[in-house]
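Comments concern the structure below.
The values are calculated or read from the model by the stated rules, or taken from the named source; none is laboratory data. In this text, all values refer to a predicted model and were calculated from it rather than measured experimentally. Backbone-built Cβ (ideal geometry, glycine too); neighbour counts: all protein chains shown. We work out accessible area using only protein heavy atoms, side chains counted, and drop any ligands, DNA or RNA first. Shrake-Rupley method; radii C 1.70, N 1.55, O 1.52, S 1.80 Å.
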Amino acid sequence: MPAPHATVKLFLRTDRPKRDGTCPVYLRVTAHRKKRYSATGVAVEPRHWNDRRDRVRASHPIADALNARLDEVEVAAKQAALGATSADAVKAAVDGSSQSLTAFFEGFVAGLDADGKLWEHRKYQTTLNKLRAALGHTLSWAEVDADALRRFERHLRRVAKNNPNTTRKELTRLRRVFRQAIDEGEIEPAADPFLTYKKPKAKPVHRRKLSLEEVERLRDAALDPATPTGLARDVFVWAFYVGGMRFGDVCALRADAVRDGRAAYEMMKTSTSVAVPVPAPALAILDRQRALAEPPLAFPLIRPVDLKDPVRLRRRVNARNAQLNVSLKRAAAVAEVEAEGLSMHVARHSYADFARRKSGDLYAISRTLGHRDLATTEAYLKSFDQDAVDKLGDDLWT
């Protein structure tokens, strides 16, 4: 018997519980490092699922009937896998029909989730939800042509109230799904509606930033580090000094990740590993905050148990970010720093601008920020270009 071109596995989606306490059983198809997912129509409580056998336990009242259905799905998938060239082909054989755009998009989103790309999963799920709200719950590839893209754009601007840049990002994500479908042979290149559609132009972004003098005023403000206001100040200043560290990465930072004058960690958003020098002012912040945190954490922002569940961690980070942004504005008032538009992410903007002014080494700045290429860093810094133009004029003519 020839070896299959794809592997199949049944598993219980405990992360998708229903209101009655049951969880759906899915089929996962893997081929050429691509994964696709198909619902089997079976759902059971976790206590009735045998992970070792990938079947319903005999203790379930209708275990025989449910397992017969799972046997049917698995056999069909394994037969399709013998000659299939892609995970999509196996899934289509099991589903009994070729994929729609919506089904492909759902599989794309499920793949991001299964691969642990939580931030990307969240963004693409939002795009899919907006697409359905604008054009319909189930869409074929042919239904989404250039005219449909223009309707989607209008929906994003008028109904979803997205600004031009957010609208452009949503359309860019949809275009990536089409590109993925073309790469996998799901649709022909000529079926790409973006060939005859122009995305809206991006608008200039104004990114709030603090000067070094403002950061130092914030750093030196008389605030109790054990209070929410003092904690917010310390986290902001730490992030500025330590390479513009994202708030989520500060939350998850372990105390033992800082050694020999460096903070070595993996960025949650991009899975990029970085090792950033930690200057003396930041080490002083770390010393006082880790004394208030639960080991092994460096800052008292989350609990160690939050690290065990990526979804729980993401939710906890979002909640804490909102809380500390409020406290940060109070800290700014004490330090006599303008609070309007101030948030934890401004520390990252401030670091990037300061580093550019101080060194001009875009490659080093890009590495520290964890960007994949220099173009990303250049785009990130573009909103600060007017300051550079103004400074040049001052240097030349005053």
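Listed values, structure above:
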item: Residue list for the range 212-226, filter: open to solvent by 50 Å² or more (accessible area, probe 1.4 Å) and either among the aliphatic types (A, V, I, L, M) or under 14 Å from Phe240 (Cβ atoms) (or both); result: Leu212, Glu213, Glu216, Arg217, Arg219, Asp220, Ala222, Ala226
item: Near pairs, Cβ below 7 angstrom, 6+ apart or cross-chain, from the range 141-162 (over 17 Å from Arg175 (Cβ atoms)) to any residue that is open to solvent by less than 30 Å² (accessible area, probe 1.4 Å); result: Arg157/Thr167
item: Residues of the range 266-283 satisfying the condition of being modelled with pLDDT of 95 or more and open to solvent by 50 Å² or more (accessible area, probe 1.4 Å); result: Ala280, Leu283
item: Residue among Arg367, Arg357, Arg348, Arg315 that is more than 25 Å from Ala222 (Cβ to Cβ), of a type outside the set (Phe, Trp, Tyr) and either in a loop (DSSP other than H, G, I, E, B) or at pLDDT 90 or above (or both); result: Arg348
item: Qualifying positions in the range 181-199 - outside any loop (DSSP other than H, G, I, E, B), touching a helix residue (DSSP H, G or I) at 6+ places or on another chain (Cβ under 6 Å) and not aliphatic (A, V, I, L, M); result: Pro189, Pro193, Phe194, Thr196
item: Residue among Val56, Val44, Val8 that is buried (at least 19 other Cβ atoms within 10 Å of the Cβ), under 29 Å from the mean Cα position of the chain (by Cα) and either of a type outside the set (Lys, Arg) or more than 29 Å from Ala181 (Cα to Cα) (or both); result: Val8
item: Selection within the range 313-337 - of a type in the set (Lys, Arg) and more than 22 Å from Ala257 (Cα to Cα); result: Arg315, Lys329, Arg330
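A quick yes/no check of all residues on (1) touching a Gly at 6+ places or on another chain (Cβ under 9 Å); (2) open to solvent by less than 40 Å² (accessible area, probe 1.4 Å); (3) under 24 Å from Arg314 (Cβ atoms):
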{"site": "Val177", "(1), (2), (3)": "no, yes, yes"}
{"site": "Gly185", "(1), (2), (3)": "no, no, no"}
{"site": "Pro189", "(1), (2), (3)": "no, no, no"}
{"site": "Gly261", "(1), (2), (3)": "no, yes, no"}
{"site": "Ala264", "(1), (2), (3)": "no, no, yes"}
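Residues checked against (1) surrounded by 13 or more Cβ atoms within 10 Å (Cβ to Cβ); (2) farther than 16 Å from Asp249 by Cβ:
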residue	(1), (2)
Glu336	no, yes
His345	yes, no
Asp353	yes, yes
Arg357	yes, yes
